[in-house]
Amino acid sequence: MSFEALNLSPASIAWTGSWIATGIGLGMWMWSWFGEKNAVQKLRLRDCGVVLLFSGILTRVVIQERPMMAVDWAMVFLGPLFIAAALWRLARTAKGAGADRL
């Protein structure tokens, strides 16, 4: 086996990692719809899935070699908003969140 065939450039590693994150995020999102029965856990799975999906997509947008198109620019502006909203909701639904506010 030759190690010359391995492409370990940072862009290649980021591209592979982004697809792994997208797959895991999609799996979490689908499980929240079809597998989970607890409402809070459903919400948390969806939020985790959204964070992973959008971060994977944003990574591929950043490392692409072609010029950015309108859809890419929309992802650059909307993706972080969805990620921030999902992270905020994850923080609010964490076990013990709000217990110190009583």
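Among residues that are part of a loop (DSSP other than H, G, I, E, B) and at pLDDT below 95, K37 is included. Sub-7 Å Cβ pairs linking a first residue in region 77-92 that is over 18 Å from A21 (Cβ atoms) to a second residue that is assigned to a helix (DSSP H, G or I) and among the charged types (D, E, K, R), at least 6 apart or interchain, are R89/D47, ordered by first then second residue. Taken over region 56-72, the criterion of being out of contact with any Gly (no Cβ under 8 Å at 6 or more places or on another chain) and closer than 19 Å to W29 by Cβ is satisfied by R60 alone.
Would you tally the residues in region 42-76 being loosely packed, with under 15 Cβ neighbours inside 10 Å, within 17 Å of the chain's Cα centre (by Cα) and over 19 Å from S18 (Cβ atoms)? Number satisfying all stated conditions: 0. For region 85-97, the candidate set comprises residues that are surrounded by 10 or more Cβ atoms within 10 Å (Cβ to Cβ), out of contact with any Gly (no Cβ under 9 Å at 6 or more places or on another chain) and not basic (K, R); within that set, the residue that is modelled with the lowest pLDDT is A97. Taking each residue of region 47-62 that is farther than 13 Å from M75 by Cα and in a helix (DSSP H, G or I) and looking for partners that are open to solvent by 40 Å² or more (accessible area, probe 1.4 Å) and of a type outside the set (A, V, I, L, M, F, W, C) with beta-carbon atoms closer than 7 Å, six or more apart or interchain, yields D47/R89.
The values are calculated or read from the model by the stated rules, or taken from the named source; none is laboratory data. This structure is a prediction, so every number in the text was calculated from the model and none was measured. Here the Cβ is made from the backbone with ideal geometry for all residues, glycine too, and neighbour counts use every protein chain on show. Side chains included, ligands, DNA and RNA excluded: accessible areas come from the protein's heavy atoms. Shrake-Rupley method; radii C 1.70, N 1.55, O 1.52, S 1.80 Å.
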